[in-house]
Amino acid sequence: MPLTNLVYDGTFEGLLTAVFEVYEHKLDKVKLQKGPLEAGALFEEVKEVITDQARAQRVLKGLKQRLSSIGVQRLYAAHLADMEGEDTTLLGFIRYAFDTKDNIEEDYGNRYVMRVSGLVRMIRREKHRMEAFVRFQKLQDGTFYSAIEPDFNVLPLLIRHFKSRYADQKWMIYDLKRRYGIYYDLHDTEFITMDFSEANYPANVSAAFTEDETLYQDLWKTYFTNVNIKSRKNTKLHLRHIPKRYWKHLTEKI
Amino acid sequence: MNMDRITRKLGILADAAKYDVSCASSGSKRQNKDKGLGNASNGICHSYTEDGRCVSLLKILLTNHCIFDCAYCVSRKSNDIERAAFTVQEVVDLTINFYRRNYIEGLFLSSGIFKNADFTMERLVRVAKKLRTEHNFNGYIHLKSIPGASDELMQEAGLYADRLSVNLEMPTVAGLKLLAPDKDQKDMIKPMAYLKHAIIQNKDEKKLFKKAPMFAPAGQSTQMIIGATPENDSEVLRSANYFYRNFNLKRVYYSGYVPVLADNRLPALNTSVPMVRENRLYQADWLMRFYGFRVDEIVDNTSPHLDLEIDPKLSWAIRNMQAFPIDVNKADLQLILRVPGIGLLSAQKIVSARKFGKLNWEQLSKIGVSVNRAKYFITCNSSQFERRDLTGNNIRQFILASSQSKYLKNNQSQLSLF
Ligand code: SF4
C-alpha cells in the first residue's frame, strides 16, 4: 500500500477527524501534516481532511475510554506545541492507544509515548514561563495589557491561570507572533484579534498608559537592580533562567 | 506618592533585605475569594537576578533602623549607612501594584527592630491585615517574625500570613553568642514553638470545621548563615534536622555568608561567598526531605564535611558500594531513589514504565536518567554492566573526569540540584 499523506487544517478537531479517516479507510502507512495542500511526492497519495465535529467527537470519546483525563489533556497540550513534523507522532500515539487494550500513557519505553511526554514537557515549560514573564501595563481605561511572543501556541493554556488570579481587573494578553489574544472583561474571557497598524500599537503609545504606570515600572526596575548581589554574579545561570528572546517584553530588562 | 522618596526608600530597603535567601512562594493553597485579587498556590519565579537567583516575592524590610548589633548584618546599629522606613500604606501600595502587573507572587516582609520586638511585629502584622481585609488580596505573604515577639502577635500574624519564619541565623548557640550578642536563641525558639503548636491545632480545627480560618497554611521556615562561623556541615545538617523534627519546619534555608562588614569576628572582606558549599547543603537537605536519607548517612564523625567536588548522593554511594548494583527493573522505588543520576521524576517514571516491559540503557536515558553516572550502580535490560571491578575511587575519578569538561564549559552546573 502506498503512503497516504493526510493534510488537515491544524486544529485539534482536524487532527481527530484525520484519525477517524485512518480507521474508516483502514489506512496503514500514513503521514500527517498541516495544510495547505501542496503537490505531493510521486508515490504518495495526498488526501485532504475536512474537519468534521461529529467525527472528531467520536474519536475523542474513544480516547477518553483508553486514556485518563490527564492523558487526553496531555495529548491536547502536545498538539499545541505545533511543531514541524510532530503530527505523525501524535497519530502514532493515538493509534498505539487504540490498538492496545490497556492504558498505555505511562509506557515510557515506547517511542511515541516518550516523544509525546517530551513535547508536553516543552510546552508546559513555556506555559509556566509565560505565567511568570507576562508583564501587564495599565492602560487608561483600566485594562492591564501584555504582549508576548512564545515559541509555542500556549495562550489557550494560560486562560485558567490568569482568570483565577486577576478576577478583579480587566486584562488582555496578546500573542504578537500568532496575532491573537485573550481578553477578560471581569466576567468571561474571549479570543480576540486586533489590527495593530503602526499607529495604534499599544507598546508605542505611552499616552495609552495611566500616569502611575511609568512610576511602577521604574520602581520595579529599581527593585530589580537592588536585589542583585554583585559578589554572586552568575550570568550563565541568569541566561538559562531568562533566555534573551524573552527580554524585550520584560519590564526589568528593557 | 512622592516618586523620588519612594524610589529611594525602595532602593535602600530592598538592598538591605536581599541577604535573606528564602524566597519560595509555594506551599500555600489560598484561593481567590469573591472576585478578589490573586491566589497563592503555585509558586512562580517571575524573574531572576543577575546572580541567577529567583525573584518571586517583593522582599523588603519595613525599616533598616535597628537597635541590635549583629555582626553579620548590614542593618546593625553600629554600621554607618543610610536609614529608611516605609509606612504601612506604602508597603501595601507597592505590593498591590506590583502584583497587578504580574511582577510578583506576593510579599516577603522583614524588618530591623525599632524600639522593641512587639512594636516592630505589630507593624508587620498591620501590613498583612490591610492587604487581606481591605484589598481582598490572596497573594502570598511571608512575614519574618521578630525574635521575642509576643504570642498574641504571632497568633494574629498567622491569620494573615501564608508563611512565618524566625531566622536562627547561626547553626549553633555558640555561633550566635559570638556574632549576635543581643540575641538569645530562646527568643527565637519561643515563637517557633508557639507556631508549631498553633499550626497543628489549626489543622485539627480544619478537620472538624471546614470554615475554620487558615493559620499560616504554608507553615514556618528558618534560615542559617553558613560560613560566618566555623561550624562544620555535620553540625549544620544536624541542627537543621533537629529543627525539622521538633518544630515541623517546612524548609531550612542556607545562606552562604556574603562578607559585607569588616569585623575581626568575621571572615575577611575579600573572602569569597561559599556558593558550592551552600549548594551541597541544599542537596543534602533534599536527600533528607525527599529521598529518605538519614542525616548520619550523609555526614558523620568520620566525614563531617560534605564533599565539594561531588554531590552528597554520589558521595554516599561511593562509600556504600556494597549496596549496589541495583536492578532497576525490580528494585523498590526507595532503592532506585538512592542511585546517583536518578532523580525523583525519573525514578517514578521507571517504576511506571517497567510494568510494560523491562527497560534498557537507551530507554532509561530517554526517561531522563543521567546514564553517565547511573551506569556504575545499576543493571537493566542490557547486557553490559559498567562497573566491572571498579572501586569506589575509580568511579569517582571517572565521573569527575567526564563532568570536569562540562564544568569548564559552563560552571553553572554547580548550582543545580543533582
Ligand atoms: S536584629 Fe536583625 S536587623 Fe537587627 S542587626 Fe540583628 S540581624 Fe540585623
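The values are calculated or read from the model by the stated rules, or taken from the named source; none is laboratory data. In this text, all values refer to a predicted model and were calculated from it rather than measured experimentally. Every residue, glycine as well, gets a Cβ built from its backbone with ideal geometry; the counts of neighbours run over all protein chains shown. Heads up: the accessible areas ignore ligands, DNA and RNA and are worked out on the full protein's heavy atoms, side chains in. Shrake-Rupley method; radii C 1.70, N 1.55, O 1.52, S 1.80 Å.
I need the Kirkwood Rh of region B:249-288: take the reciprocal of the average 1/r across all distinct C-alpha pairs and report it in angstrom.
About 11.6 Å for region B:249-288.
Eigenvalues of the Cα gyration tensor times 5, then square-rooted: what semi-axes does that give for chain A, in whole angstrom, largest first?
After diagonalising the Cα gyration tensor, the semi-axes are 41, 21, 18 Å.
Report the full-extension gain for the segment B:Ser303 to B:Asn248: residue separation times 0.36 nm, less the Cα-Cα distance, to one decimal in nm.
Length gained, B:Ser303 through B:Asn248: 17.1 nm.
Could you name the aspartates and glutamates whose alpha carbon sits less than 20 Å from that of B:Lys129, not counting residues in the same chain fewer than 8 places away?
Partners within reach: A:Asp168, B:Asp34, B:Glu90, B:Asp93, B:Glu105, B:Asp118, B:Asp151, B:Glu152, B:Glu156, B:Asp162.
Using label points projected 7 Å from each Cα along Cα→Cβ, tell me how many nm separate B:Asn79 and B:Leu344, to one decimal.
Going by the 7 Å Cα→Cβ label model, 3.4 nm.
Treating only the Cβ of Lys, Arg, Asp and Glu as charged (+1, +1, -1, -1), what charge dipole size does region A:48-203 show about its Cα centre? Round to the nearest 20 debye.
In total the dipole reaches around 560 debye.
Based on DSSP H runs of at least 4 residues, each adding -39500 (n - 2.57), what is the mean residue ellipticity at 222 nm of chain A after dividing by all its residues, to the nearest 500 deg cm²/dmol? Please report the intermediate quantities before stating the final value.
Numbers: 8 runs with 109 residues, N = 254.
About -14000 deg cm²/dmol.
List, largest first, the extents of the alpha carbons of region B:15-111 along their principal axes, each in whole Å.
Per principal axis, max minus min of the Cα coordinates gives 47, 31, 21 Å.
Please give the net charge around B:Tyr19, taking every other residue with its beta carbon less than 13 angstrom from that of B:Tyr19, where Lys and Arg add +1 and Asp and Glu add -1.
Local net charge: +2.
Within a 10 angstrom radius of each residue's Cβ in B:36-49, how many Cβ atoms of other chains show up on average? Whole number is fine.
Details: counts 2, 5, 5, 5, 1, 3, 4, 0, 7, 6, 7, 14, 11, 13.
Mean number of neighbouring Cβ atoms from other chains: 6.
Run down the lysines and flag those whose C-alpha is under 28 Å from the C-alpha of B:Lys358, throwing out any fewer than 8 positions away in its chain.
A:Lys64, A:Lys101, B:Lys313, B:Lys330, B:Lys349, B:Lys366, B:Lys375
With springs connecting C-alpha atoms under 10 Å apart, model chain B as a Gaussian network and identify which of B:Arg373, B:Arg101, B:Arg280 has the largest mean-square fluctuation.
Judging by the Gaussian network model, the answer is B:Arg101.
Carbon and sulfur together cover what percent of the accessible area of chain B at a 1.4 Å probe radius?
Heavy-atom surface of chain B belonging to carbon and sulfur, 1.4 Å probe: 52 percent.
Pull up all non-local amide H partners of B:Ser47: gap of 5 or more, or a different chain, and H-to-H distance under 5 Å with H placed in the peptide plane.
B:Val55
Once both axes come from the Cα atoms, what is the angle between helix B:392-409 and the longest principal axis of chain B, in degrees from 0 to 90, rounded to 10?
It is inclined by approximately 60 degrees.
Can you work out the accessible area per residue across chain A, with the rest of the protein chains kept in place, probe 1.4 Å, in square angstrom?
50 Å²
Need one number for region A:131-200: average projected area of the convex hull over its C-alpha atoms, nm².
4.8 nm²
What residues qualify as long-range amide H neighbours of B:Ile226, i.e. H under 5 Å apart, gap of 5 or more or another chain, H built at 1.01 Å from N?
Close amide H contacts, sequence-distant or interchain: B:Ser255, B:Gly256, B:Tyr257.
Can you give the average number of partner chain beta-carbon atoms within 10 Å of each beta-carbon in peptide A:106-115, as a whole number? Please list the in-between numbers first.
Working: counts 8, 6, 13, 16, 4, 2, 0, 2, 5, 1.
Mean shielding by partner chains, rounded to a whole number: 6.
Rounded to the nearest 20 Debye, what is the dipole magnitude of the protein assembly as shown about its Cα centre when Lys and Arg each give +1 and Asp and Glu each give -1 at the C-beta?
Numbers: 97 positive and 78 negative charges, 255 e Å.
Its charge dipole is roughly 1220 debye.
Compute the distribution of all C-alpha to C-alpha distances in region B:286-343, in bins of 10 Å from 0, and list the percent of pairs in each, rounded to whole numbers.
Result, from short to long distances: 21, 58, 19, 2 percent.
Principal axis extents for region A:134-253, Cα atoms only, whole Å, descending order, please.
Projected onto the principal axes, the Cα atoms of region A:134-253 cover 47, 34, 32 Å.
Which translational diffusion coefficient, to the nearest whole µm²/s, is obtained for chain B from the Stokes-Einstein equation, given a Kirkwood hydrodynamic radius over C-alpha pairs, 37 °C and 0.692 mPa s? Present the calculation step by step, with values, prior to reporting the outcome.
Details: Rh = 23.4 Å.
D = 140 µm²/s.
To one decimal place, what Kirkwood hydrodynamic radius in Å is obtained for region B:52-162 from all pairs of distinct Cα atoms? Please list the in-between numbers first.
Details: mean 1/r = 0.0690 Å⁻¹.
Value: 14.5 Å, from the Cα pair sum.
Which whole-number percent is the relative contact order of chain B (Cα, under 8 Å, 6+ apart)?
RCO, chain B: 11 percent.
Report ³J(HN,Hα) in whole Hz for each residue of region B:29-42, in order, from the Karplus equation J = 6.51 cos²θ - 1.76 cosθ + 1.60 where θ = phi - 60°; Gly and Pro get x.
Couplings: 9, 6, 9, 6, 9, 6, 6, x, 10, x, 8, 10, 8, 10 Hz.
Determine the percent antiparallel among the DSSP beta bridges restricted to chain B, to the nearest 5.
15 percent
Please work out the Cα convex hull volume for the protein assembly as shown and give it in Å³ per residue.
193 Å³
Can you tell me how region B:202-350 classifies by the Cα gyration tensor, rounded, prolate or oblate, using a/c under 1.5 as the rounded cut?
oblate
Per the Debye formula with a single identical scatterer at each Cα and no solvent contribution, what log10 I(q)/I(0) holds for region B:3-222 at q = 0.12, 0.13, 0.15, 0.16 Å⁻¹?
The computed values of log10 I(q)/I(0) come out as -0.62, -0.73, -0.99, -1.13.
Need one value: the accessible area of B:Ser78 in square angstrom, 1.4 angstrom probe, rounded to the nearest 10.
70 Å²
Enter the Cα centre distance for the pair region A:153-189 and region B:125-150, rounded to the nearest angstrom.
29 Å
Quick one: if the Förster radius is 51 Å, what FRET efficiency do B:Asn393 and B:Asp182 give, using the C-beta to C-beta distance and rounding to 0.05?
0.60
Thinking of region A:3-125 as a set of Cα atoms, what percent of all their pairs are more than 16 Å apart? Don't jump to the answer; show the numbers that get you there.
Values: 4442 of 7503 pairs.
Within region A:3-125, distances greater than 16 Å cover 59 percent of Cα pairs.
Nothing charged except the Cβ atoms of Lys and Arg (+1) and of Asp and Glu (-1): what's the magnitude of the dipole of chain B about its Cα centre? Round to the nearest 20 debye.
Numbers: 58 positive and 42 negative charges, 302 e Å.
Dipole magnitude for chain B comes out near 1460 debye.
If all Cα-Cα distances of region B:120-241 are sorted into 5 Å bins from 0 onward, what percent lands in each bin, rounded to whole numbers?
Binned Cα distances yield the sequence 2, 11, 19, 19, 17, 13, 9, 5, 3, 1.
Looking only at other chains, what is the average number of their beta-carbon atoms within 10 angstrom of each beta-carbon in B:53-60?
Mean number of neighbouring Cβ atoms from other chains: 3.
Could you report the buried accessible area between A and B, both sides summed, computed with a 1.4 Å probe and given in Å² to the nearest 100? Display every interim value, and only then the final one.
Values: alone 15500 and 20450 Å², together 30470 Å².
The buried area between A and B, both sides summed, comes to about 5500 Å².
Just the projected area, averaged over all directions, of the convex hull on the alpha carbon atoms of region A:80-123: how many nm²?
Working: hull surface 11.9 nm².
Quarter of the Cα hull surface area: 3.0 nm².
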